[in-house]
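*Asks:* Have a look at this one before I ask anything.
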Amino acid sequence: MTRARFEERLFGTLKVLSIGFFVVVSLFPLVYMVGLSFKPIQELLRDPTNIVPSWEQIRSLETYRAVLRPQSEGGQGFLLFIRNSTIVATSTVLLTLGFGILAAYAVARLNFFGKRSVSLGIILIYLFPAVVVSIPLFVMFSRIGLRSSLLGLIVVYLASTLPVTLYMLRGYFQSIPKELEEAGMVDGLSRAGVIWKITLPLAAPAVAATALYVFMIAWNEFLYALLFVLENRQLWTLSLGLQQLDTQEVPKTMLMAGSVIITIPVIVLFFAAERFLTEGLTAGGVKG
Amino acid sequence: MSTQSIKAGRSGLARRENRLGIGLVMPAVVVVGALVVFPLIWNVALSLQPARLLNIRNVSVFGFTPTLRNYRVVTQDLDFWPVLWTTFVYTIFGTILSIGIGLWAALTLQKTFKGRGMVRGLTLFPYVVPVIAAAFVWKMMLNPTFGIINEWIAAGGGQRIDFLGTKSQEVHLLGLTFSIPLALITVILFEAWRYFPFAFLFILAALQSLPKDVEEAAIVDGATLSQRFWYVTLPQLGPVLSVLFLLRFIWTFNKFDDVFLLTGGGAGTRVITVKIIDWLLGRADVGAAAALGMILAGILLILMAVYFKWFYQEEAA
């Protein structure tokens, strides 16, 4: 057998093994999470290798009910956390897109004083450590009374997602042919009309991808939530709530149910828009 | 129309464009300026004055006598050098492993096979799952009393291992005994698992845009698969790999959530970001946290400067 033939066969076999490896490694943790999320903790302790829940357990949804029930009824009050996370994430998306679309359009299309510094500033801030920004913000918010409020959290998320939004949208706006806009101008549209009627519809996929990405950042965020709303349980987001409930008193399978709850929206959104997102991610070089 | 009035008309248009541009950018610039740039400047001030969590309302913005007390406190802390060392080990190995596995995944999933689209989608799971959920599942799977990994180890006759709680583990191999930093290795593996999809996406995109004829020429010349990879494909991936390395290095260096959620910084995994939050919340010393934050930013700036100098010289050569 020649070396070339030998290698073809070797790598052919390795490829099959590799595909199996990647499927297992990516999927198994999620299967484990979903499986355990239906079980009472006693059953997990009795037989830790059995991760398949019984039909009754799935139908009764007991762990999920316990996690979602308000604290006053002996549950963990996750409905409240879901509400908080939803408010924070959606507000962040709307605000960021509002500010971001205008600024990205200007940087992509118009000549103005300071344009280069804005472009450079975006990249620098994008690479800068969030932990370092969080310390002075913590002090600032304590002083002006924005700590312990969802508004404060939204404002911080807005500022921290704006650079990436600008970066992703700018690239897309630049790829739209200028002639289309000029044609609109010739037909008598104002600049606002051009943005609204021509640029935005054309950029819809990029705007959608950016919106999803910003939603995911705000939905998953943990550090700022820990610093800003820890003191008031009523304001906890899902991430913070889950982390705070990781104690001796709370059964671990309930935490798995909580993990499934926080994961579902992200996975659904991601696969609803996978194509946009993967293109957007690679085009923008997105942080993680 | 005279040339002069055309010129005037143009400059009028340019002025209007200038005004419009500034107007459109302004809201975003104000938000980022107030919530990122201003705090960063203030952080310098905070690091130069004694500031405790208790008297946070009296902390001054600019009117104070600067002192290096915070920098002394932070660098003389017994933990300082071990934390720096851990941060570098975590960052370097986390970065290399995630890119290496990403490259492997991209090569594996590049050519067509049945179900490729689905497998590609699945491999993105680790990256999109919220970090808190990912960290919990890992903690569950690795739990010494009921985690599935330990069940499998026990079933195979091995000893149960506390992966995330063991600072150093004695390993006997080929008659040699040495100790490995087990918790740190586990955290690095988590990092590699979580971020390989990011590298995978980038490398796959780069692979798909490579010209086909170079590879075909190599096949005609009788190059084997491994030779083609080593001498043809890999050199062409150079630019994307170096950009990935830079991005992943910076982001891993700045990463807080992953280590904090997995170990809380215990068992020899305390990285610099966890230490900063430890100063801030645990020891209520805002000034020290700010000073360590400045050190983190400083190291990062130096590394980036070195990288760009080296990178751009490569480009020019």
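*Asks:* Collect the residues in region A:71-114 that are more than 23 Å from A:GLU221 (Cα to Cα) and open to solvent by 30 Å² or more (accessible area, probe 1.4 Å), keeping them in residue-number order. Please lay out each step first, then the result.
*Replies:* Keep residues of region A:71-114 that are more than 23 Å from A:GLU221 (Cα to Cα), which gives A:71-75, A:102-114.
Residues satisfying the conditions are A:GLN71, A:SER72, A:GLU73, A:GLY74, A:LEU102, A:ASN111, A:PHE113.
*Asks:* Suppose we keep only residues that are at pLDDT below 90 and open to solvent by 20 Å² or more (accessible area, probe 1.4 Å) within region B:42-59. Which one would you say is farthest from the other protein chains (Cβ to nearest Cβ)?
*Replies:* B:PRO50
*Asks:* Looking for something of a type in the set (Lys, Arg) and modelled with pLDDT under 90 - is there at least one such residue anywhere in region A:227-241? Steps first, please.
*Replies:* Residues of region A:227-241 that are of a type in the set (Lys, Arg), as a first pass: A:233.
Okay, now just the ones that are also modelled with pLDDT under 90, so none.
No, region A:227-241 contains no residue that is of a type in the set (Lys, Arg) and modelled with pLDDT under 90.
*Asks:* For region B:70-91, enumerate the residues that are closer than 26 Å to A:SER142 by Cα and either in contact with a Pro (Cβ under 6 Å, 6 or more places away or on another chain) or open to solvent by less than 30 Å² (accessible area, probe 1.4 Å) (or both).
*Replies:* B:ASN70, B:VAL74
*Asks:* Sticking with this structure for a sec: Quick one: in region B:108-135, of everything that is over 18 Å from the mean Cα position of the chain (by Cα) and part of a loop (DSSP other than H, G, I, E, B), which residue is surrounded by the most Cβ atoms within 10 Å (Cβ to Cβ)?
*Replies:* B:THR123
*Asks:* Report, ordered by the first and then the second residue, all pairs with beta carbons closer than 8 Å, sequence separation of six or more or different chains, a first member in region B:66-90 that is free of Cβ contacts under 8 Å to residues at least 24 places away in the same chain, and a second member that is part of a loop (DSSP other than H, G, I, E, B).
*Replies:* Pairs that qualify, where the first residue is free of Cβ contacts under 8 Å to residues at least 24 places away in the same chain and the partner is part of a loop (DSSP other than H, G, I, E, B), are B:PRO66/B:LEU48; B:PRO66/B:GLN49; B:THR67/B:LEU48; B:THR67/B:GLN49; B:THR67/B:PRO50; B:LEU68/B:LEU48.
*Asks:* Okay, next question. Would you check if A:VAL67 is among the β-branched types (Val, Ile, Thr), more than 10 Å from chain B (Cβ to nearest Cβ) and surrounded by 19 or more Cβ atoms within 10 Å (Cβ to Cβ)? Steps first, answer last, please.
*Replies:* Values: among the β-branched types (Val, Ile, Thr): yes; more than 10 Å from chain B (Cβ to nearest Cβ): yes; surrounded by 19 or more Cβ atoms within 10 Å (Cβ to Cβ): yes.
Criteria met by A:VAL67.
*Asks:* Just need a number here: residues in region A:131-173 that are touching an Asp or Glu at 6+ places or on another chain (Cβ under 9 Å), open to solvent by 10 Å² or more (accessible area, probe 1.4 Å) and at negative phi.
*Replies:* Selection size over region A:131-173: 2.
*Asks:* For region A:236-259, give me the residue count where each residue is over 19 Å from the mean Cα position of the chain (by Cα), open to solvent by 20 Å² or more (accessible area, probe 1.4 Å) and in contact (Cβ under 8 Å) with a residue 12 or more places away in the chain.
*Replies:* 4
*Asks:* While we're looking at this one, here's another question. Within region A:43-62, work out how many residues are more than 11 Å from chain B (Cβ to nearest Cβ), out of contact with any Phe, Trp or Tyr (no Cβ under 6 Å at 6 or more places or on another chain) and part of a helix (DSSP H, G or I). If you could, list the steps in order and put the result at the bottom.
*Replies:* Taking region A:43-62 as the starting set, the residues that turn out to be more than 11 Å from chain B (Cβ to nearest Cβ) are A:52-62.
The next check asks that each one be out of contact with any Phe, Trp or Tyr (no Cβ under 6 Å at 6 or more places or on another chain); those that pass are A:52, A:54-56, A:59-62.
Still in the running and part of a helix (DSSP H, G or I): A:55-56, A:59-60, A:62.
Looking only at that region, the number is 5.
*Asks:* Go through (1) open to solvent by 50 Å² or more (accessible area, probe 1.4 Å); (2) in contact (Cβ under 8 Å) with a residue 24 or more places away in the chain; (3) not β-branched (Val, Ile, Thr) one by one and return the number of the condition B:GLY102 breaks.
*Replies:* Of everything listed in (1) open to solvent by 50 Å² or more (accessible area, probe 1.4 Å); (2) in contact (Cβ under 8 Å) with a residue 24 or more places away in the chain; (3) not β-branched (Val, Ile, Thr), B:GLY102 misses just condition (1).
*Asks:* Considering only helices (runs of 4 or more DSSP H) fully contained in region A:99-203, which possess at least 3 residues that are more than 20 Å from the chain's Cα centre (by Cα) and under 30 Å from B:LEU292 (Cα atoms)?
*Replies:* Working: elements: A:115-126, A:130-144, A:150-175, A:178-186, A:191-194.
Helices (runs of 4 or more DSSP H) meeting the threshold: A:115-126, A:130-144.
*Asks:* Can you name the residue in region A:1-35 that is facing chain B (nearest Cβ under 7 Å) and of a type in the set (Phe, Trp, Tyr) and is also farthest from B:LEU142 (Cα to Cα) among such residues?
*Replies:* Checked region A:1-35; the qualifying residue farthest from B:LEU142 (Cα to Cα) is A:PHE11.
*Asks:* Out of the residues in region B:216-226 that are buried (at least 16 other Cβ atoms within 10 Å of the Cβ) and under 16 Å from A:THR2 (Cα atoms), state the one that is farthest from the other protein chains (Cβ to nearest Cβ).
*Replies:* Residues of region B:216-226 buried (at least 16 other Cβ atoms within 10 Å of the Cβ): B:218, B:223-225.
Checking which are under 16 Å from A:THR2 (Cα atoms) leaves us with B:223-225.
On the way: B:ALA223: 8, B:THR224: 5, B:LEU225: 4 Å.
This residue is B:ALA223.
*Asks:* Something else about it: Condition test on B:GLY157, is it within 7 Å of chain A (Cβ to nearest Cβ), small (Gly, Ala, Ser) and surrounded by fewer than 21 Cβ atoms within 10 Å (Cβ to Cβ)? Lay out the reasoning, then the answer.
*Replies:* Numbers: within 7 Å of chain A (Cβ to nearest Cβ): no; small (Gly, Ala, Ser): yes; surrounded by fewer than 21 Cβ atoms within 10 Å (Cβ to Cβ): yes.
In short, no.
*Asks:* Are any of the residues in region B:232-249 in contact (Cβ under 8 Å) with a residue 40 or more places away in the chain, open to solvent by less than 10 Å² (accessible area, probe 1.4 Å) and farther than 23 Å from A:ASN220 by Cβ?
*Replies:* yes
*Asks:* Further question: Can you name the residue in region B:227-241 that is within 11 Å of chain A (Cβ to nearest Cβ) and out of contact with any helix residue (DSSP H, G or I) (no Cβ under 6 Å at 6 or more places or on another chain) and, of all such residues, is nearest to B:LEU207 (Cα to Cα)? Walk me through it before giving the result.
*Replies:* Taking region B:227-241 and keeping what is within 11 Å of chain A (Cβ to nearest Cβ), we get B:227-229, B:240.
From what's left, out of contact with any helix residue (DSSP H, G or I) (no Cβ under 6 Å at 6 or more places or on another chain): B:227, B:229.
Values: B:GLN227: 16, B:PHE229: 11 Å.
The qualifying residue nearest to B:LEU207 (Cα to Cα) is B:PHE229.
*Asks:* Next up: Return a yes/no flag: does region B:167-175 have any residue that is on the phi < 0 side of the Ramachandran plot, in contact with a helix residue (DSSP H, G or I) (Cβ under 8 Å, 6 or more places away or on another chain) and either surrounded by 18 or more Cβ atoms within 10 Å (Cβ to Cβ) or in the same structural domain as B:GLY94 (by TED's automatic domain parsing) (or both).
*Replies:* From region B:167-175, those on the phi < 0 side of the Ramachandran plot are B:167-173; that's our starting set.
Remaining after also requiring in contact with a helix residue (DSSP H, G or I) (Cβ under 8 Å, 6 or more places away or on another chain): B:167-169.
Imposing the further condition that a residue be either surrounded by 18 or more Cβ atoms within 10 Å (Cβ to Cβ) or in the same structural domain as B:GLY94 (by TED's automatic domain parsing) (or both) reduces the set to none.
Checked region B:167-175: no residue is on the phi < 0 side of the Ramachandran plot, in contact with a helix residue (DSSP H, G or I) (Cβ under 8 Å, 6 or more places away or on another chain) and either surrounded by 18 or more Cβ atoms within 10 Å (Cβ to Cβ) or in the same structural domain as B:GLY94 (by TED's automatic domain parsing) (or both).
*Asks:* Looking at region A:185-205, which of its residues are open to solvent by less than 40 Å² (accessible area, probe 1.4 Å) and within 16 Å of A:ALA108 (Cβ to Cβ)? Explain how you work it out, then say what you get.
*Replies:* Kept after step one, since they are open to solvent by less than 40 Å² (accessible area, probe 1.4 Å), are these residues of region A:185-205: A:193-195, A:198-200, A:203.
Within region A:185-205, A:VAL194, A:ILE195, A:ILE198, A:THR199, A:LEU200, A:ALA203 meet the criteria.
*Asks:* A:ALA211 - would you say it is part of a helix (DSSP H, G or I), open to solvent by less than 10 Å² (accessible area, probe 1.4 Å) and in the same structural domain as A:SER148 (by TED's automatic domain parsing)? Walk me through how you get there before you give the answer.
*Replies:* Details: part of a helix (DSSP H, G or I): yes; open to solvent by less than 10 Å² (accessible area, probe 1.4 Å): no; in the same structural domain as A:SER148 (by TED's automatic domain parsing): yes.
For A:ALA211, the condition - part of a helix (DSSP H, G or I), open to solvent by less than 10 Å² (accessible area, probe 1.4 Å) and in the same structural domain as A:SER148 (by TED's automatic domain parsing) - is not met.
*Asks:* Now for a separate question. Has region A:14-34 got at least one residue that is open to solvent by 20 Å² or more (accessible area, probe 1.4 Å), in a loop (DSSP other than H, G, I, E, B) and either assigned by TED's automatic domain parsing to the domain that holds A:THR253 or not hydrophobic (A, V, I, L, M, F, W, C) (or both)? Walk me through it before giving the result.
*Replies:* Going residue by residue through region A:14-34, those that are open to solvent by 20 Å² or more (accessible area, probe 1.4 Å) are A:14-17, A:19-21, A:23-25, A:27-28, A:30-31, A:34.
If we keep only those that are in a loop (DSSP other than H, G, I, E, B) too, we end up with none.
Taking every residue of region A:14-34 in turn, none turns out to be open to solvent by 20 Å² or more (accessible area, probe 1.4 Å), in a loop (DSSP other than H, G, I, E, B) and either assigned by TED's automatic domain parsing to the domain that holds A:THR253 or not hydrophobic (A, V, I, L, M, F, W, C) (or both).
The values are calculated or read from the model by the stated rules, or taken from the named source; none is laboratory data. Just so it is clear, the model here is predicted, and its values are computed rather than measured. Positions of Cβ are generated from backbone atoms using ideal geometry, with glycine treated the same way; all protein chains shown enter the neighbour counts. Calculation scope for accessible area: heavy atoms of the full protein, side chains included, ligands and nucleic acids excluded. Shrake-Rupley method; radii C 1.70, N 1.55, O 1.52, S 1.80 Å.
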